[in-house]
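Just so you know, all these numbers are worked out from the coordinates, no wet-lab data involved. Bear in mind the structure is a predicted one, so any value in this text is a computation, not a measurement. Note: ideal-geometry Cβ built from the backbone for every residue, glycine included; neighbour counts use all protein chains shown.
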Ligand SMILES: [Zn+2]
């Protein structure tokens with residue numbers, strides 16, 4: 001018997017002949033005088049035509065070209081899953097009291113079908129906070145997606161969910177992945193991959209909702225809406241919600257659960273501002289700001305691992321060369337398109353590298369024990385307020401070593417830096433009210 005599950009809740013240009021309940025629609029439809037793609041819901045530009053006159057969608061081209069000749073096929077999601085005791089959850093960890101309170105609230109909103117946000121500071125353990133709600137959802141036979149705009153986040157998350165939800169079948173989807181799609185109850189994927197789904201999920205968890213490119217992409221926002229069933233809902237996770245989401249909280253359009261304290265009960269490390277107004281010129285002359293150089297020497301001698309964030313890829317090799325010349329051996333550089341990125345990050349995590357010079361690629365989704373952080377050029381516009389708060393959040397994540405420094409070197413006390421420091425101060429004020437301790 002042919003397996004038609006390939007099309008359950010999916011939208012594919014390839015039909016499966018004889019599939020019961022298969023429905024079909026044109027891939028690109030005329031709306032008035034315009035054309036709209038039915039996979040990514042974006043308008044097709046008038047110029048996007050093939051030589052034979054057919055329209056095609058340029059926006060979702062990377063998922064395969066759709067033209068006015070194509071059709072999309074789907075089978076409405078039947079939730080054909082085996083019954084799971086305890087929702088397939090094999091996690092044996094314990095939530096703290098504050099985490100447990102947040103978890104209860106998240107589960108209640110999920111069960112009520114509310115669109116919701118879990119606003120938890122970096123290091124609050126937000127993944128585990130979602131576990132009780134996830135277990136209950138899976139136990140009830142819901143189809144669930146855990147998605148993120150960042151492939152790194154998906155790759156870090158997938159082995160954790162495979163370990164902690166060992167009883168449920170899962171698949172991981174991202175562009176260029178090695179394993180093919182198969183129908184299963186829990187899907188972990190990039191937000192881009194949601195474009196291939198249609199009303200498939202009862203619940204979608206959107207991890208790092210404020211991260212690039214989701215925050216600036218209407219296409220991906222629509223993808224989340226369309227991948228959800230009509231009666232489905234979603235949960236956004238972030239430590240740093242953007243302005244739009246914060247506005248929706250105020251307007252009551254999204255339910256919110258706050259967790260202003262890290263799982264170990266210590267407050268967030270503040271960002272220390274270091275004005276060094278000629279750092280760019282100094283770098284050109286092959287030097288770092290004196291204070292930064294001294295600090296890096298101290299960390300290096302104390303064998304404390306550290307991250308140095310720089311604004312641009314071009315700055316990486318320059319800074320690395322200065323450090324090498326000053327005798328700070330054992331470090332390397334990393335950036336988004338670096339082919340060895342995963343290996344370098346892993347080597348640093350295991351202590352085989354003593355420091356990393358990095359772009360904002362490591363701003364979130366990564367945990368390194370006992371790390372210290374310096375940001376060179378924190379006033380550069382590439383460091384958004386959210387990015388700076390996330391970067392600071394790399395520090396002090398272990399209960400056994402909750403302290404650590406975050407130093408921001410900049411020409412001036414720019415607005416992004418001011419706002420990031422103010423956000424941390426505000427969160428720590430709330431954290432203190434919940435019994436948070438200073439390191
Ligand atoms: Zn499209």
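Sort the chain into rounded, prolate or oblate with this rule: let a ≥ b ≥ c be the square roots of the eigenvalues of the Cα gyration tensor; rounded if a/c is under 1.5, and if a/c is not under 1.5, prolate when a/b is larger than b/c, oblate otherwise. Note, shape of the chain comes out prolate. Result for the chain in a Gaussian network model with C-alpha springs under 10 Å: among 125, 327, 88, the largest mean-square fluctuation is at 327. Label separation (residue 47 vs residue 216): 2.1 nm, computed from points 7 Å beyond Cα along the C-beta direction. Taking the chain as a Gaussian network, Cα atoms linked when under 10 Å apart, which of 285, 352, 228 shows the biggest mean-square fluctuation? Comparing 285, 352, 228 in the GNM, the peak value goes to 285. Relative to the longest principal axis of the Cα atoms of the chain, the long axis of helix 126-139 lies at roughly 20 degrees.
Taking the DSSP beta bridges with both ends in the chain, the antiparallel portion is around 20 percent. Residue 439 versus residue 14, label points 7 Å from Cα toward the beta carbon: distance in nm? Between residue 439 and residue 14, the simple spin-label model gives 5.1 nm.
Shape verdict for region 1-104, please, from the Cα gyration tensor: rounded (a/c under 1.5), prolate (a/b greater than b/c) or oblate.
Since a/c reaches 1.5 but b/c is at least a/b, the shape of region 1-104 is classed as oblate.
Label-to-label distance, residue 162 versus residue 284, with points set 7 angstrom from Cα along the beta-carbon direction: 4.9 nm.
Return one number: the angle in degrees, 0 to 90 and rounded to the nearest 10, between the long axis of the Cα atoms of helix 313-325 and the longest principal axis of the Cα atoms of the chain. Taking the Cα atoms of the chain, the angle to 313-325 is about 30 degrees. Using the Cβ-Cβ distance between residue 169 and residue 430 with R0 = 35 Å, the FRET efficiency computed as 1/(1 + (r/R0)^6) comes to roughly 0.35. Rounded to the nearest 10 degrees, the angle from helix 151-164 to the longest Cα principal axis of the chain is 80 degrees.
With contributions of -39500 (n - 2.57) from each DSSP H run of at least four residues, the per-residue ellipticity at 222 nm computed over the chain stands at -9000 deg cm²/dmol.
Summarising the strand pairing of region 272-433, around 5 percent of its internal DSSP beta bridges are antiparallel. Can you figure out the FRET efficiency of residue 79 with residue 277, using R₀ = 56 Å and their beta-carbon distance, to the nearest 0.05? For residue 79 and residue 277, the calculated efficiency is 0.40. Picking from 12, 329, 384, which is most flexible by a Gaussian network model of the chain using Cα springs under 10 Å? Answer for the Gaussian network model of the chain: 329.
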